[in-house]
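Engineer: Please find one structure pasted underneath; my questions will follow.
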Amino acid sequence: MSFPSVLGLRVQALLERARTLDFLAPLALRLYLAPVFFSAGLNKLNAFDATVAWFGNPEWGLGLPFPWLLAFLATAAELIGGVMLLLGLATRLISLPLMATMLVAIFAVHWPNGWFAIAPSNAETSMARPLAALGIPAAEASLENSAGVGERLTQARALLREHGHYDWLTEKGTFVVLNNGIEFAATYLIMLMILFFHGAGRFLSLDYWASRLISGLSSAVPAREPLERPGS
């Protein structure tokens, strides 16, 4: 057997052995998403009247029908979903309403703002540049937006350096322009889709141990003897 074949077999064997740690990937997704959704639901709950108004108002809100009901469902899904994701309990089931909230957020809130959550301020390094080279209109518009964002940030920083305590103002981070695009919501949606199709993972989820328990109980039940036919 040639050296490349032996090397390929060894690499494949190592990759297969790595599957013993496959529970870490869904665990990481759950630990990432759980506080995101729980905090979002808690914010809605703490300002529930304002949340209902935002869901229903067509001028400065979402303009959705039945705003109280939809606000309640979104708040409950995020609060309960955050806890269930953390525990790995009914993970595939709770992913469905959470994906629904992300779809509403994408199409009702963020879609008009494009992809980026934070507007790139340098057209030369923007992710949209390769797509713009292919002639995609949305990417070309994104580069134009980046140029405008860069100009505004440059002027804003100059004003702050001249008239403000710039070092103190930027001590916790640099100034950016919030674009509020679909980037984060789409990322959460993809992560939830992975959990929906693959589940919460082994060992460190209640789903796994519940499945083990149910399988054990099923195997402990003796199979029923088939009834004898008359005359046999």
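The values are calculated or read from the model by the stated rules, or taken from the named source; none is laboratory data. All values derive from a computational prediction rather than experimental measurement. Using ideal geometry, Cβ is built from the backbone for each residue, glycine included, and neighbour counts are taken over all protein chains shown. To get the accessible areas, we keep the full protein, side chains included, count just its heavy atoms, and leave off ligands, DNA and RNA. Shrake-Rupley method; radii C 1.70, N 1.55, O 1.52, S 1.80 Å.
Engineer: Taking segment 123-139 as the search range and keeping residues that are touching a residue at least 12 places away in the same chain (Cβ under 8 Å) and part of a helix (DSSP H, G or I), which one is least open to solvent (accessible area, probe 1.4 Å)?
Structural biologist: Among them, the one singled out is 128.
Engineer: Related question: Take segment 28-48 and flag every residue that is among the aromatic types (Phe, Trp, Tyr) and within 17 Å of residue 185 (Cβ to Cβ). Break it down into steps so the answer makes sense when it comes.
Structural biologist: Here is the first cut: in segment 28-48, the ones among the aromatic types (Phe, Trp, Tyr) are 32, 37-38, 48.
Scanning segment 28-48 gives 32, 37, 38.
Engineer: Out of the residues in segment 146-197 that are among the hydroxyl-bearing types (Ser, Thr, Tyr) and open to solvent by less than 70 Å² (accessible area, probe 1.4 Å), state the one that is nearest to residue 98 (Cα to Cα). Quick ask: steps written out before the conclusion?
Structural biologist: Of segment 146-197, the ones among the hydroxyl-bearing types (Ser, Thr, Tyr) are 146, 154, 166, 170, 174, 187-188.
Going one step further and asking which of them are open to solvent by less than 70 Å² (accessible area, probe 1.4 Å), we end up with 146, 166, 170, 187-188.
Details: 146: 32, 166: 40, 170: 35, 187: 13, 188: 9 Å.
Among residues in segment 146-197 that are among the hydroxyl-bearing types (Ser, Thr, Tyr) and open to solvent by less than 70 Å² (accessible area, probe 1.4 Å), the one nearest to residue 98 (Cα to Cα) is 188.
Engineer: The conditions are (1) within 21 Å of residue 182 (Cα to Cα); (2) open to solvent by 30 Å² or more (accessible area, probe 1.4 Å); (3) over 15 Å from the mean Cα position of the chain (by Cα), and residue 83 fails exactly one of them. Which is it?
Structural biologist: Of everything listed in (1) within 21 Å of residue 182 (Cα to Cα); (2) open to solvent by 30 Å² or more (accessible area, probe 1.4 Å); (3) over 15 Å from the mean Cα position of the chain (by Cα), residue 83 misses just condition (1).
Engineer: Being among the hydroxyl-bearing types (Ser, Thr, Tyr), within 22 Å of residue 85 (Cα to Cα) and open to solvent by less than 90 Å² (accessible area, probe 1.4 Å) is the filter here; which residues of segment 21-55 pass it?
Structural biologist: Let us first name the residues in segment 21-55 that are among the hydroxyl-bearing types (Ser, Thr, Tyr), namely 32, 39, 51.
Next, only the ones that are within 22 Å of residue 85 (Cα to Cα) stay: 32, 39.
If the condition is that a residue be among the hydroxyl-bearing types (Ser, Thr, Tyr), within 22 Å of residue 85 (Cα to Cα) and open to solvent by less than 90 Å² (accessible area, probe 1.4 Å), then 39 is the only one that fits.
Engineer: Restricting to segment 1-42, name every residue that is of a type in the set (S, T, N, Q) and not in a helix (DSSP H, G or I). Spell out the reasoning first.
Structural biologist: Taking segment 1-42 as the starting set, the residues that turn out to be of a type in the set (S, T, N, Q) are 2, 5, 12, 20, 39.
Result: 2, single match.
Engineer: Say whether the condition of being part of a helix (DSSP H, G or I), more than 23 Å from residue 205 (Cα to Cα), within 15 Å of the chain's Cα centre (by Cα) and in contact (Cβ under 8 Å) with a residue 24 or more places away in the chain is met by at least one residue in segment 48-65.
Structural biologist: First, pick out the residues of segment 48-65 that are part of a helix (DSSP H, G or I): 48-56.
Of the ones still in play, those that are also more than 23 Å from residue 205 (Cα to Cα) are 48-56.
When the remaining residues are screened for being within 15 Å of the chain's Cα centre (by Cα), the result is none.
No - not one qualifying residue is present in segment 48-65.
Engineer: For segment 111-122, does any single residue satisfy the condition of being under 18 Å from the mean Cα position of the chain (by Cα), of a type in the set (A, V, I, L, M, F, W, C) and part of a helix (DSSP H, G or I)?
Structural biologist: Within segment 111-122 (the criterion being under 18 Å from the mean Cα position of the chain (by Cα), of a type in the set (A, V, I, L, M, F, W, C) and part of a helix (DSSP H, G or I)), the answer is yes, since at least one residue qualifies.
Engineer: Tell me, yes or no, whether segment 115-136 has at least one residue that is closer than 30 Å to residue 198 by Cα and touching a Ser or Thr at 6+ places or on another chain (Cβ under 8 Å).
Structural biologist: Looking for residues that are closer than 30 Å to residue 198 by Cα and touching a Ser or Thr at 6+ places or on another chain (Cβ under 8 Å), one finds at least one in segment 115-136, hence yes.
Engineer: Taking the stated definitions as given, is residue 13 surrounded by 14 or more Cβ atoms within 10 Å (Cβ to Cβ), over 26 Å from residue 210 (Cβ atoms) and modelled with pLDDT under 95? Give the derivation first.
Structural biologist: Working: surrounded by 14 or more Cβ atoms within 10 Å (Cβ to Cβ): no; over 26 Å from residue 210 (Cβ atoms): yes; modelled with pLDDT under 95: yes.
No; evaluated as a whole, the condition is false for this residue.
Engineer: Tally up the residues in segment 56-75 that are polar (S, T, N, Q) and either out of contact with any helix residue (DSSP H, G or I) (no Cβ under 9 Å at 6 or more places or on another chain) or open to solvent by 30 Å² or more (accessible area, probe 1.4 Å) (or both), please.
Structural biologist: Of all residues in segment 56-75, those polar (S, T, N, Q) come to 57, 75.
Filter once more, so that each one left must be either out of contact with any helix residue (DSSP H, G or I) (no Cβ under 9 Å at 6 or more places or on another chain) or open to solvent by 30 Å² or more (accessible area, probe 1.4 Å) (or both): 57.
Within segment 56-75, residues that are polar (S, T, N, Q) and either out of contact with any helix residue (DSSP H, G or I) (no Cβ under 9 Å at 6 or more places or on another chain) or open to solvent by 30 Å² or more (accessible area, probe 1.4 Å) (or both) number 1.
Engineer: Evaluate the following for residue 78: is it open to solvent by 50 Å² or more (accessible area, probe 1.4 Å), farther than 30 Å from residue 148 by Cα and not aromatic (Phe, Trp, Tyr)?
Structural biologist: Working: open to solvent by 50 Å² or more (accessible area, probe 1.4 Å): no; farther than 30 Å from residue 148 by Cα: yes; not aromatic (Phe, Trp, Tyr): yes.
Criteria not met by residue 78.
Engineer: Please determine, by comparing only the residues of segment 199-222 that are without any contact (Cβ under 8 Å) to a residue 40 or more places away in the chain and not hydrophobic (A, V, I, L, M, F, W, C), which one is most open to solvent (accessible area, probe 1.4 Å).
Structural biologist: Ranking the candidates gives 212 first.
Engineer: While we're looking at this one, here's another question. How many of the residues making up segment 42-95 are over 15 Å from residue 109 (Cα atoms) and of a type in the set (Asp, Glu)?
Structural biologist: Selection size over segment 42-95: 2.
Engineer: Are there any pairs, at least 6 apart or on different chains, whose C-beta atoms fall under 7 Å, with the first in segment 89-107 and over 16 Å from residue 183 (Cβ atoms) and the second outside any helix (DSSP H, G or I) and open to solvent by less than 80 Å² (accessible area, probe 1.4 Å), and if so, which?
Structural biologist: Listed by first residue and then by second, the contacts come to 91/199; 91/200; 91/205; 92/199.
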